[in-house]
Amino acid sequence: MKPLYVLLAALWPLMVGPVQALEFDAKPADEVVMADQMFVTRPILVFADSPNDPNFQRQLELLARNPDALAERDVVVVFDADPAARSEWRQRYRPRGFSLVLLDKDLQPVIRKPLPWDVREIIAAIDKFPLRRQEVLERHPSGR
């Protein structure tokens, strides 16, 4: 019976890893059409000049820690670490180096940060957006 526990303990990270990877849905900028996101999602844009940028890697790690809270707020994470590709996201929001840009559902930038932000801070900021407050009141009208 003991070898079964050892086998399960050894295989557990392999079984859990793919599930966690599916929960956090970060997409490359070239796979996300900006017009399709209008009034549907709240994009969080993570820009860098290289995928090896420590701030870029740290930001993606921080976002992966609490994907459920982001999904509850209709967040889609869009990342772009290739300035040469000149994605439509990069052309419109013009980042310099590492940049975190929080957009509301109307695709207007609300917050720009030059350093990584924790999910807790991002969620607190999103909950202050006017469209988010309106959504919460519509879902829970007794809170007025």
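The values are calculated or read from the model by the stated rules, or taken from the named source; none is laboratory data. Note that the structure is a prediction, hence the values are computed from the model and not measured. Because the Cβ atoms are built from the backbone with ideal geometry, glycine has one as well, and the counts that use them run over all protein chains shown.
Which of the residues belonging to region 79-92 are touching a residue at least 24 places away in the same chain (Cβ under 8 Å) and part of a helix (DSSP H, G or I)?
If the condition is that a residue be touching a residue at least 24 places away in the same chain (Cβ under 8 Å) and part of a helix (DSSP H, G or I), then 83, 85, 88, 89, 90, 92 are the ones that fit.
Residue check, residue 60 against (1) of a type in the set (A, V, I, L, M, F, W, C); (2) within 21 Å of residue 25 (Cα to Cα); (3) modelled with pLDDT under 95, all met but one. Which one?
Residue 60 satisfies every listed condition except (3).
Of all residues being touching a residue at least 40 places away in the same chain (Cβ under 8 Å) and in a helix (DSSP H, G or I) in region 50-63, which is nearest to residue 132 (Cα to Cα)? Just the residue, please.
63
Does residue 76 satisfy being touching a Ser or Thr at 6+ places or on another chain (Cβ under 8 Å) and either in a strand (DSSP E or B) or not charged (D, E, K, R) (or both)?
Yes; evaluated as a whole, the condition is true for this residue.
Can you confirm whether residue 66 is within 22 Å of residue 129 (Cα to Cα) and either within 18 Å of the chain's Cα centre (by Cα) or modelled with pLDDT of 95 or more (or both)?
Judged against the criteria, residue 66 is a match.
Kindly evaluate residue 82 against the criterion of being closer than 21 Å to residue 25 by Cβ, surrounded by 12 or more Cβ atoms within 10 Å (Cβ to Cβ), acidic (Asp, Glu) and under 12 Å from the mean Cα position of the chain (by Cα).
Answer is no for this residue.
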